[in-house]
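Right, one structure below, let's go through it.
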Amino acid sequence: MSDELPAREFSRLKTRISYLSARQQPNGGKPLQRVEPASGQVASCVTDNSGLTEDVADGSTIFLCIHGYNNDTLEAIRSYLHFVDNLEQMAPDILPVAKVFGFVWPGDEAWKLISGPSFLDKPKIAETVGANLASYLDSRCGKVGIDIYFVAHSLGNRVLFYALRQFMKINNPKLRLHGILCMAAAVPAYTLEEKHYFLKEQTDAELKEILNAFKLVQFRYNGYSHDDKTLRRLFSVASIILTLPKTHLLDEISNQKAIGYLGKPDTPGLWSLNYNSYLDHSFYWPDKPNALKFSMLVKGYVPQELPTATLPIDTIDDRLLQ
């Protein structure tokens, strides 16, 4: 992959997406270069007068996209472009009401050879970046306020969850969190469960804060898949390693699975919509039905007459949005 977006993609990006960055920016470099990962503060991207910079403004409605693990800036932006392309096709009426922001965060390493094995280091970075993202959005909020819809993929959901936790601590009523779409969430199912009897007290208290913050969001959609090979095979091993220091009952962590694989937890009233996407891990951003789900989220659609957790993806179409 080249270090810059091709001119055609860059032209499409300028008219569709602005982006926020928690990565180290190149000094005097061209916009959207591949940049070194860094767990710094969140800021709008400096783009050397290219016209791309557009900060979050008070009084705005934003769709905020958060990529997952092992994505550099260019890979993340390409994913977001797929998503916006699909929104334009599946639900063109929702794009004029909001500004799309792509968030890029250091969920990878500069050397791809070590980026994969470095996963165990990334959840903590995701937590820090999530808190910084919430604080940054609070700093952009004025007298009118900001209306926010999130869509997050994979480990980006951990960024989202810790952003929600920080929003709760900030307690700013002008930050209005209308909806979240979780896609292939690489987060242990116990994160959003009511009880964590096998976890140490400090971890249990932290997760209860996340669950309480999660419930403050008006609409909560979860897209999971039993066909997700990444979450089925690799996440379980990583989750066990990450949970070891936090538990006092080792036998309870041997079968921990991801929310994006199980479609759980079973916390009552947690999901407005919980659907099996039947997708593999990397197919969510370019999937048109998922863009349609996001449009349902924005329109405040809650299919209470339909079963949760077993909903076939092909049963949701434009007729349900009427």
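Restricting attention to the range 55-80, and to residues there that are modelled with pLDDT under 90 and part of a helix (DSSP H, G or I), which single residue is surrounded by the fewest Cβ atoms within 10 Å (Cβ to Cβ)?
E75
Residues in the range 258-276 that are free of Cβ contacts under 8 Å to residues at least 60 places away in the same chain, under 15 Å from I180 (Cβ atoms) and either in a strand (DSSP E or B) or of a type in the set (A, V, I, L, M) (or both): how many?
Counting residues in the range 258-276 that are free of Cβ contacts under 8 Å to residues at least 60 places away in the same chain, under 15 Å from I180 (Cβ atoms) and either in a strand (DSSP E or B) or of a type in the set (A, V, I, L, M) (or both) gives 3.
I'd like the residue in the range 147-176 that is surrounded by fewer than 22 Cβ atoms within 10 Å (Cβ to Cβ) and of a type in the set (A, V, I, L, M) and, out of all such residues, is nearest to D228 (Cα to Cα).
Going through the qualifying residues, I end up with M168.
Can you tell me which residue in the range 221-235 is farthest from S154 (Cα to Cα), limited to those that are out of contact with any Gly (no Cβ under 6 Å at 6 or more places or on another chain) and surrounded by 22 or more Cβ atoms within 10 Å (Cβ to Cβ)?
Across the range 221-235, the extreme among qualifying residues is Y221.
Of the residues S44, S2, S50, which is polar (S, T, N, Q), touching a Pro at 6+ places or on another chain (Cβ under 7 Å) and at pLDDT below 55?
S50
The values are calculated or read from the model by the stated rules, or taken from the named source; none is laboratory data. Keep in mind that this is a model prediction, so the values were computed, not measured. Virtual Cβ from ideal backbone geometry, glycine too; neighbours counted across all protein chains shown.
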